[in-house]
Amino acid sequence: MSEVPETVALAALRLHARQSRLIDEGDAEGWAATFTADGVFDSPSYPEPARGAAALTAFARAFHDSCVASRTHLRHVVTNVDVEASGRDGEVVAHAYLQIVATPEGQDSRLVRLTTLTDRLVRHGDAWLVAHRLVRRDDVAPEPVTTTPDDRGAPA
């Protein structure tokens, strides 16, 4: 694994925290803006990847609307963020665990699922944005682990 500067690792931590807060609070536009304009969110929990700003915004809006309709708070808890150089200038790969915790109104919280994130992050000015997020669920037969989401053949 190639090490990255501490400032880059910290920026990745802050990006993951911000994304979690934004989608949990229902800020669909804000969440989508943490991706590149042509960014991809690819999760086996959904039938198709969300590609591009409009699709990412629609995805986040539908996510929040379903929470409101079911009167359930869902929280994205990202841990164990490990950032490594990708070998491409202005780009890193972040690996992390994501727990999704549900709290139905008036009930106890419960773990919905545990997933692994593999994010291709690209520098955009002074910030880092997600160009491609690949989600792997622990309850689904594993695919081979790759260094970057693009290794699966998905467009960048």
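The values are calculated or read from the model by the stated rules, or taken from the named source; none is laboratory data. Treat the numbers as computed from the prediction; the structure is a model and nothing was measured. When we count neighbours, we look across all protein chains shown, and the Cβ atoms used for this are built from the backbone with ideal geometry, even at glycine. All accessible areas refer to the heavy atoms of the entire protein, side chains included, with ligands and DNA or RNA removed. Shrake-Rupley method; radii C 1.70, N 1.55, O 1.52, S 1.80 Å.
Numerical summary
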| quantity | calculated |
| --- | --- |
| Debye equation applied to the C-alpha atoms of the range 29-132, log10 I(q)/I(0) at 0.14 Å⁻¹ | -0.62 |
| Protection proxy ranking of 129-136, 101-108 - average other beta-carbon atoms within 10 Å, highest first | 129-136, 101-108 |
| Space enclosed by the convex hull of the alpha-carbon atoms of the range 52-102, per residue, Å³ | 79 Å³ |
| Rg over Rh, two decimals, the range 4-74 (C-alpha only, Kirkwood Rh) | 1.02 |
| Spin-label pair Ser66/Ser45, simplified geometry with 7 Å Cα→Cβ offset, distance in nm | 0.8 nm |
| Dipole magnitude of the chain about its Cα centre (Cβ charges: Lys, Arg +1; Asp, Glu -1), debye to nearest 20 | 300 debye |
| Gain on full stretching of the segment that runs from Ser2 to Leu114 - 0.36 nm per residue minus C-alpha separation | 37.7 nm |
| Where Tyr46, Tyr97 fall by accessible area, highest first, once all protein chains stay in place (1.4 Å) | Tyr97, Tyr46 |
| MRE, 222 nm, helices only [DSSP H, n ≥ 4, -39500 (n - 2.57), over the chain, to nearest 500] | -9000 deg cm²/dmol |
| Residue-normalised accessible area of the range 55-123, expressed per residue, 1.4 Å probe, Å² | 52 Å² |
| Percent carbon-and-sulfur accessible area, the chain, ignoring ligands, DNA and RNA, probe 1.4 Å | 52 percent |
| Backbone HN-Hα couplings from phi across the range 33-43 [Karplus 6.51/-1.76/1.60, Hz, Gly and Pro as x] | 6, 7, 10, 5, 4, 10, x, 10, 10, 10, 10 |
